[in-house]
Amino acid sequence: MSGSDVDAAVLDRRKVVAALLDRRGDLLVVTGLGSAAWDCAAAGDHPLTFPLWGAMGSAGMIGLGLALAQPSRRVLVVTGDGEMLMGLGSLATIGAQRPENLAIVVLDNERYGETGMQESHTAYGVDLAAIATACGFAQARIIRHEAEVPSMRVGIHEAGGPLFYQVKIKRETPPLVMPPRDGAALRIRFREALLGKGAVA
Ligand SMILES: Cc1ncc(C[n+]2csc(CCOP(=O)(O)OP(=O)(O)O)c2C)c(N)n1
């Protein structure tokens, strides 16, 4: 099977994200803009989720900064293929830094969903997991089946990273579930939940 086979995809983005965030413990989560943020909000708004409302292409770098600043915490970036493609260089930087506590999950519908479902590069066979492997990630896999989701979950919560999972998902547009929108409030909420109220200036 090539990297471009979303017509055959069976995974439901909302179910995958709900499974990854269920009983999430003290996992720190950064989401790319748009659909990935709605998926995480649908799984339950959480003070330790930092949803991006813009800054397309920078979810991986924000995740890297967090992982380096908080080496004793697990950090998960959940984003879309379009967002990841825009920040492709971040994979090289993460590969160079090799944070053991960072995982990236790309929800790959092979489309720029938010802007009208235009085909992204992964629809033409661009293999993001292979790029992550070439950049030096400890593990990088394409996930296609429900049976693979539990091991992805274990990886995110326990395995030595950096980890990369390119999840082939069905091309669908589930109902919008928005996280809070005020960026400053989101930042303060996240910092207070992570560092405690006294630590936030
Ligand atoms: C710099 C920049 N360019 C373009 C956009 C418009 N835009 C917002 S979301 C999006 C597509 C996101 O696609 P993807 O990450 O694959 O997520 P999907 O909705 O398909 O799951 C685009 C092009 C933007 N917000 N910022």
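A short reminder: the numbers here are calculations on the coordinates, not readings from a lab. It should be emphasised that the depicted structure is a prediction, and the values quoted were computed from it without experimental measurement. Here the Cβ positions follow ideal geometry from the backbone for every residue, glycine too, while neighbour counts run over all protein chains shown.
Here is how the numbers come out for the structure above:
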| quantity | calculated |
| --- | --- |
| Candidates Gly155, Gly95, Gly116, ranked by Gaussian network fluctuation over the chain, Cα under 10 Å, top entry | Gly116 |
| Reciprocal of mean inverse Cα separation for region 89-159 (Kirkwood radius, Å) | 13.5 Å |
| Percent of C-alpha pairs per 5 Å bin, the chain, short to long | 1, 8, 17, 22, 22, 16, 8, 3, 1, 0, 0 |
| Built amide H within the under 5 Å cut-off of Gln166, gap 5+ | Val106, Arg141, Ile142, Ile143 |
| GNM result for the chain, Cα springs below 10 Å: residue of Met117, Met61, Met84 fluctuating most strongly | Met117 |
| Of Ala92, Ala69, Ala132, the one that fluctuates the most in a GNM where the chain has Cα springs shorter than 10 Å | Ala69 |
| Cα centre as origin, Lys/Arg/Asp/Glu Cβ charges: the chain dipole, Debye | 600 debye |
| Virtual spin-label span in nm between Asp26 and Arg171, 7 Å along Cα→Cβ | 4.3 nm |
| Whole-angstrom gap from region 78-92 to region 163-187, using each part's C-alpha centre | 14 Å |
| DSSP H segments from the chain that extend 30 Å or more along their own axis, Cα-based, with Kyte-Doolittle mean of -0.5 or above | none |
